[in-house]
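Undergrad: Got a structure for you, written out below as structure tokens; questions coming shortly.
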Amino acid sequence: MSDRVPASGTVHWVGAGLSTGSGLARLCDTAERVFLWHRTEERAAEALDRLDLTGRAEPRAYSLPTLTAELAPGDTVVSMLPAPEHAGILVACVGAGAHFACSSYVSDTVLEQVPEATKAGLVVLTEAGLDPGIDHLFAHSLVARAQEAIGGSMTASYAFTSYCGGIPAVPNDFRYRFSWAPAGVLNALRSPARYIEGGAETVAERPWEATRRHLLDGEEFEVYPNRDSVPFVEQYGLPAGWEARSFVRGTLRLEGWLTAWAEVFEELKAGDDERIAALAGELAARHPTTDADRDRVVLAVSLDVRAETGRTWSGSYVLDLVGDAEESAMARCVSRPLALGVRHILDGTLPAGLNRAAETAARSDQWLGELAGEGVDFTLRVDE
């Protein structure tokens, strides 16, 4: 493996959608030069004006060839584009000797590029937003605390849950506020969810049909599993001698969401791709996000461990933020941890190769401390 390529201090932030927030401003305080790439240079300039960053970052019209032509060795590219576009950008980064960062789950197409990026001494940072991202930090921290209290070699069982949701700060009839593309929301619901329940792997072909009540600080929510939770047992470093009673990573919604979305679910059951695409447009028009709306982000991660000796330990992290006139809660919670990760690319503390928001408990606690100092507030509760 070659040495890690030193960061040049130049950051290319690609995309200025709903998740681009004050994290970009933090990078403008740190990086030597920042470019914001958007659909047109005019749109990029408008986004900079909205974020009060005019003159602090340079607007650019995005196309992959244009971005590629501007990359220099040691630059860092931050992709806020849809996940299917990450691999192409990473290919360009590897060719130019530039580092890469995104907030999305690492995909197979990105993984294919990681060996070449590692060989070239480049950092590939993924899963560094809210979910995935801050949820990983919470999970690693809890697992380490439980191991210290119970003993990692002790025979034990555990229950782990991680639920996250972007919801309206003031509940509406639809019980939801779109914080990302409606088509993405609908298609996520069409994907089966795998998780552990009652000590056994379980698959929900229609995730919403596994919705259950979840009480958090006296407030009732509805939660359901999403994607594939099972690989995260290993990723979070849970001891081999601990048996999972349950392990679920999922989505949190306002109470009443299941009923409010009944007609949507009927459409999803039919599985007509063309109709689902049209429905996404209809829902966006019917439930628009306006400047007067305020969103709320709730992330709750908990771990309960019961040792064979009878000793127990339980801990939880709760993040509950409401957006304001300057920035949505979702933009803050996605962009700030991502920007934090990029700053650690710039200062040389992230190694070459694949990195997620957290690979160790030590890094998790470090990043959580840094995020808390930057206005991403959360609460840790431990019961021993």
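Undergrad: Mean 1/r over all different Cα pairs, inverted: what Kirkwood radius does segment 231-382 give, in Å?
TA: Roughly 19.4 Å, rounded to one decimal.
Undergrad: Stretched out fully, how many nm does the piece from A284 to E41 gain, at 0.36 nm a residue minus the Cα gap?
TA: 84.9 nm
Undergrad: Same structure, new question: Can you tell me the dipole magnitude for segment 1-84 around its Cα centre, using point charges on the Cβ only (Lys, Arg +1; Asp, Glu -1), in Debye to the nearest 20?
TA: So the magnitude is around 180 debye.
Undergrad: To the nearest 10 square angstrom, what accessible area does R227 show with a 1.4 Å probe?
TA: For R227, solvent-accessible area is about 130 Å².
Undergrad: To the nearest 20 debye, what is the magnitude of the charge dipole of segment 92-160 about its Cα centre, counting +1 on the Cβ of each Lys and Arg and -1 on the Cβ of each Asp and Glu?
TA: Its charge dipole is roughly 180 debye.
Undergrad: Go through segment 366-376 residue by residue and turn each phi into a ³J(HN,Hα) via Karplus (6.51, -1.76, 1.60, θ = phi - 60°); whole Hz please, and just put x for glycine and proline.
TA: Along segment 366-376, the couplings run 5, 5, 5, x, 5, 5, 4, x, 10, x, 9 Hz.
Undergrad: Between D52 and D273, what is the label-point separation in nm under the 7 Å Cα-to-beta-carbon projection?
TA: Modelled inter-label distance: 4.5 nm.
Undergrad: For segment 220-265, report the % of Cα-Cα distances exceeding 18 Å.
TA: 46
Undergrad: Which is farthest toward the positive dipole end of the chain among S179, T68, L48, measuring Cα position about the Cα centre, with Cβ charges +1 (Lys, Arg) and -1 (Asp, Glu)?
TA: About the Cα centre, the residue reaching furthest to the positive side is T68.
Undergrad: Take every DSSP beta bridge whose two residues both sit in the chain, then give the antiparallel share in percent to the nearest 5.
TA: 60
Undergrad: Quick check: residue separation of A262 and T155 times 0.36 nm, minus the Cα distance between them. What number comes out in nm?
TA: Value of the extension gain: 34.2 nm.
Undergrad: Among G281, V264, G323, whose Cα sits farthest toward the positive end of the charge dipole of segment 223-325 (+1 at Cβ of Lys/Arg, -1 at Cβ of Asp/Glu, about the Cα centre)?
TA: It is G323.
Undergrad: On to the next question. Say we join alpha carbon atoms closer than 10 Å with springs in a Gaussian network model of the chain; which of S104, S19, S153 then has the biggest fluctuation?
TA: S153
Undergrad: Here is a follow-up. If you take the C-alpha gyration tensor of segment 109-164, multiply each eigenvalue by 5 and take the square root, what semi-axes do you get, largest first, in whole Å?
TA: 31, 16, 10
Undergrad: If I ignore ligands, DNA and RNA and count only protein heavy atoms, how much of D347 is accessible to a 1.4 Å probe, in Å² to the nearest 10?
TA: The accessible area of D347 comes to roughly 90 Å².
Undergrad: Over the chain, what percent of the accessible surface lies on carbon and sulfur atoms, probe 1.4 Å?
TA: Answer for the chain: carbon and sulfur cover 49 percent of the accessible area.
Undergrad: Another question, if that's okay. So if I place +1 on the C-beta of Lys and Arg and -1 on the C-beta of Asp and Glu, and nothing else carries charge, what would the dipole magnitude of the chain be about its Cα centre? I want it in debye, nearest 20.
TA: For the chain, the charge dipole is close to 360 debye.
Undergrad: Take the Cβ-Cβ distance between A72 and A372 as r, set R0 to 22 Å, and report the resulting FRET efficiency rounded to the nearest 0.05.
TA: Given R0 = 22 Å and the Cβ-Cβ separation, E is 0.05.
Undergrad: Could I ask something else about it? Using θ = phi - 60° and the Karplus relation 6.51 cos²θ - 1.76 cosθ + 1.60, list the HN-Hα couplings for segment 75-80 in order, rounded to whole Hz, with x at every Gly or Pro.
TA: Couplings: 5, 10, 9, 10, 9, 9 Hz.
Undergrad: ³J(HN,Hα) across segment 319-332 via Karplus (A = 6.51, B = -1.76, C = 1.60, θ = phi - 60°), whole Hz, x for Gly/Pro?
TA: Karplus values, whole Hz, x for Gly and Pro: 10, 9, 10, 10, x, 10, 5, 7, 7, 6, 5, 5, 4, 5.
Undergrad: If you average the alpha carbon positions of segment 313-349 and of segment 146-164, how far apart do those two centres end up, in angstrom?
TA: For segment 313-349 versus segment 146-164, the Cα centre distance is 25 Å.
The values are calculated or read from the model by the stated rules, or taken from the named source; none is laboratory data. Bear in mind the structure is a predicted one, so any value in this text is a computation, not a measurement. Cβ coordinates were reconstructed from backbone atoms using ideal geometry, including for glycine residues, and neighbour counts include every protein chain displayed. For accessibility, only protein heavy atoms count, side chains too; no ligands or nucleic acids. Shrake-Rupley method; radii C 1.70, N 1.55, O 1.52, S 1.80 Å.
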